[in-house]
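What follows is calculated from the coordinates using simple rules that are stated; it is not laboratory data. Note that the structure is a prediction, hence the values are computed from the model and not measured. Every residue, glycine among them, receives a Cβ derived from its backbone with ideal geometry; neighbour counts consider all protein chains shown.
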Amino acid sequence: MIVGAVIDLAVGLLCIIMGLLLWRKQKVSLLHDYHYKNVREEDIPAYTRQIGIGLTVIGAGVFLSGILNLFCPDYWWIPLAAGFVVGAFILYRAQKKYNGSVLG
């Protein structure tokens, strides 16, 4: 239980950091090139903002599930599921809008 919570906390923090780098610093190079190969140059700031927000939401859900796993282990899955669903929707919408398709 503690090992799982520590892993959740570490993975969540890593996703939050990467999401913030994409969102705030526009580090599009953190992504594979096929994720943004059809994104126009002028849309890069908006694209990295949306992708960064989605990844940060997923990371926050994973991080919160790690905290709940330590204190209230019956409900750890709620922030994990909520963060994943909301974050995946944001990522899907950004990929579809700016890249033209989800898979490349």
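General remarks:
- Percent RCO, i.e. relative contact order, over the chain, from Cα pairs under 8 Å lying at least 6 residues apart: 36
- Between helix 2-25 and the chain: long-axis angle, C-alpha atoms, 0 to 90°, nearest 10: 20
- Relative to its Kirkwood radius, the Cα radius of gyration of the range 4-54 gives an Rg/Rh of 1.08.
- Selected from A94, A81, A60 as most flexible by GNM, with the chain as the system and alpha-carbon contacts under 10 Å: A81
- Between helix 77-94 and the chain: long-axis angle, C-alpha atoms, 0 to 90°, nearest 10: 0
- Summed residue charge, Cβ within 9 Å of Y98's Cβ, Lys/Arg positive, Asp/Glu negative: +2
- Charged-residue dipole, Cβ positions (Lys, Arg, Asp, Glu), the range 2-99 about Cα centre, Debye nearest 20: 340
- One decimal place: the segment I78-H32 gains 13.6 nm when fully extended, by the rule 0.36 nm per residue minus the C-alpha distance.
- Near L80: Cβ cut-off under 15 Å, other residues only, Lys/Arg at +1 and Asp/Glu at -1. The net charge is -2.
- Stokes-Einstein D (µm²/s) once Rh is taken as the Kirkwood radius of the chain over alpha-carbon pairs, at 10 °C in 1.306 mPa s: 114
- 3J(HN,Hα) couplings calculated from phi for the range 30-41 with the Karplus curve 6.51 cos²θ - 1.76 cosθ + 1.60 (θ = phi - 60°) are, in sequence order, 6, 9, 5, 5, 6, 6, 10, 5, 9, 7, 5, 4 Hz; Gly and Pro show x.
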